[in-house]
Amino acid sequence: MSEAKGPPGAQPSFHSHVFLGEGHERSERRTWAVIWLCGAMMALEIVGGWVFGSLALIADGLHMSTHAGALLLAALAYAFARRHADDPRFTFGPGKLGDLAGFTSAIILAMIALLIGYEAASRLIAPVLISFAEAIPIAILGLGVNVVSAWLLSGGARPGRSRSHSHGHRSAHPVHDHDESKRIETRGGAVVLDVFEDGAPPRFRLKAETGPALKAFAVSVETVRPDRTRQRFAFVDRGGFLESIDEIPEPHSFDADVTIGGVTHAVLFEEHEHAHGAAARDNNLRAAIIHVLADATVSVMVIVGLTLAWLFDWRWMDPLAGVVGAVVIASWSAGLIRDTGAVLLDMNPDRRMAESLRRVIEGEGDRIADLHLWRLGPGHLGAIVSVVTPSGRSEADYRAKLARFRSLSHLTIEVRRAA
């Protein structure tokens, strides 16, 4: 059994486990900036309300304090994770701290939604006197602060990206990147060679970009894989492009000798698998943005409700807008609780990648007896793979096969011989 701490085949050695997102420090700075903005707004409203005797201003200032408190939770989570990134007490690093903070923020959001819903229902039953001329400008001012806050946070948001980390771990990226299109300059003009697999088994496709059309009998491709296995592909004319007769086995990482009209051109195909969707998302930043959006949603609902109530004397519009806002916030909270809870409980974060792992390993008598995949931090996954094989392959052989999965920042492989 061995753990991944460097290139395939490297010997295990002590190393740190830094599984923080690439935009970690940038997101932390922007969160603090929004906290200062909300704090200044809070102080201005409370002082202004006290000086001018406005209870509405004081109430909105106190509401802004809860908003700033939720953002403070996100900022402290960023700071703690950064300062303890190399702390050996954390077996797999503090990368999940942002998910814990996001889960807590989601609970706070749910409580806010309940309070807004309760207050709105109470006002539907027993309407209260509203100072429209004072309340509407305050709501507009609050909306402006939330728009600026959302802009500050989203401006630094690269939640799926991860920064490379030391001690030999591979860096993680947010997308599934296939370097499967090659432009080749020939004497007769430029041609493009692709690996096409949209809803079909993967095959080579070759078409002329400039110059005369290609002839199938004059074209062939021979692939050479890292284990020196060779495979030759013949082509047929599909009308407008040539397509290989045989399918291309996984993985799509190999050297290719492309022969066109008796002249051979060497090209390199590389394939990388990265974390998808929730596995790459920064839930701490997401929670901060949702808090801002929730506050902005409430402000919009308040402005609409107050304006209609003022213009048409529809007093019920203000609490009704509150009910709608509470439902929207509750929906966002439920989604955030579901996603962060799944991370904290080590649920499989990327089923697509798990299936890809199986396809790459299994074959030629090999089978995966046990597979565990979990999230270590934004864009960083850990995996434990137990392989049963009748061959003499070692863990280094399987590590080489799994090198394409760039998001596997911590990999443990167990190889057992089949009876």
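Summary of computed values
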quantity	calculated
Flag if Leu371 is open to solvent by less than 30 Å² (accessible area, probe 1.4 Å) and either at pLDDT below 90 or of a type outside the set (Phe, Trp, Tyr) (or both)	no
Candidate set from the stretch 407-419 (those that are part of a loop (DSSP other than H, G, I, E, B) and farther than 20 Å from Leu381 by Cβ); member that is most open to solvent (accessible area, probe 1.4 Å)	Ala419
Asp397 vs. criteria on the phi > 0 side of the Ramachandran plot and free of Cβ contacts under 8 Å to residues at least 12 places away in the same chain	no
Gly379 being surrounded by fewer than 20 Cβ atoms within 10 Å (Cβ to Cβ) and either in contact with a helix residue (DSSP H, G or I) (Cβ under 7 Å, 6 or more places away or on another chain) or within 30 Å of Met111 (Cβ to Cβ) (or both)	no
Scan of the stretch 65-82 for residues that are modelled with pLDDT of 80 or more, among the hydroxyl-bearing types (Ser, Thr, Tyr) and open to solvent by 60 Å² or more (accessible area, probe 1.4 Å), ordered by number	none
Hey, Glu222 more than 31 Å from the chain's Cα centre (by Cα) and under 17 Å from Pro249 (Cβ atoms) or not	yes
Exclusive hit being in a helix (DSSP H, G or I), surrounded by fewer than 16 Cβ atoms within 10 Å (Cβ to Cβ) and modelled with pLDDT under 70, set Leu62, Leu57, Leu44	Leu62
Test: residue in the stretch 390-406 that is open to solvent by 10 Å² or more (accessible area, probe 1.4 Å) and within 24 Å of Leu285 (Cβ to Cβ)	yes
Number of the exception - Arg205 against (1) over 16 Å from Phe269 (Cα atoms); (2) surrounded by 13 or more Cβ atoms within 10 Å (Cβ to Cβ)	(1)
Test: residue in the stretch 253-261 that is surrounded by fewer than 24 Cβ atoms within 10 Å (Cβ to Cβ), at pLDDT 85 or above and outside any strand (DSSP E or B)	yes
Subset tally (residues that are outside any strand (DSSP E or B) and more than 15 Å from Ile184 (Cβ to Cβ)) for the stretch 213-251	19
Failed condition for Ser331, given (1) free of Cβ contacts under 8 Å to residues at least 40 places away in the same chain; (2) outside any helix (DSSP H, G or I)	(2)
Top-ranked residue of the stretch 329-350 - restricted to ones that are more than 18 Å from Arg406 (Cβ to Cβ) and among the charged types (D, E, K, R), ranked as least open to solvent (accessible area, probe 1.4 Å)	Asp339
Residues being of a type outside the set (D, E, K, R), within 17 Å of Ser409 (Cβ to Cβ) and in contact with a Ser or Thr (Cβ under 8 Å, 6 or more places away or on another chain) - total across the stretch 89-104	1
Top-ranked residue in the stretch 351-368 [being part of a helix (DSSP H, G or I) and either touching a residue at least 40 places away in the same chain (Cβ under 8 Å) or β-branched (Val, Ile, Thr) (or both); ranked as surrounded by the fewest Cβ atoms within 10 Å (Cβ to Cβ)]	Arg359
Residue match in the stretch 330-340 (condition: aliphatic (A, V, I, L, M), closer than 25 Å to Ile138 by Cβ and modelled with pLDDT of 85 or more)	yes
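Per-residue answers, yes or no, for (1) at pLDDT below 65; (2) hydrophobic (A, V, I, L, M, F, W, C); (3) open to solvent by less than 30 Å² (accessible area, probe 1.4 Å):
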position	(1), (2), (3)
Ala101	no, yes, yes
Ile107	no, yes, no
Leu152	no, yes, no
His165	yes, no, yes
His169	yes, no, yes
Ala172	yes, yes, yes
Ser181	no, no, no
Gly189	no, no, yes
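The values are calculated or read from the model by the stated rules, or taken from the named source; none is laboratory data. A quick note: this is a predicted structure, and the numbers were derived from the prediction, not measured. A quick note on method: Cβ atoms are made from the backbone with ideal geometry, for glycine too, and the neighbour counts reach across all protein chains shown. These area figures cover heavy atoms from the full protein model, side chains too; ligands, DNA and RNA do not enter into them. Shrake-Rupley method; radii C 1.70, N 1.55, O 1.52, S 1.80 Å.
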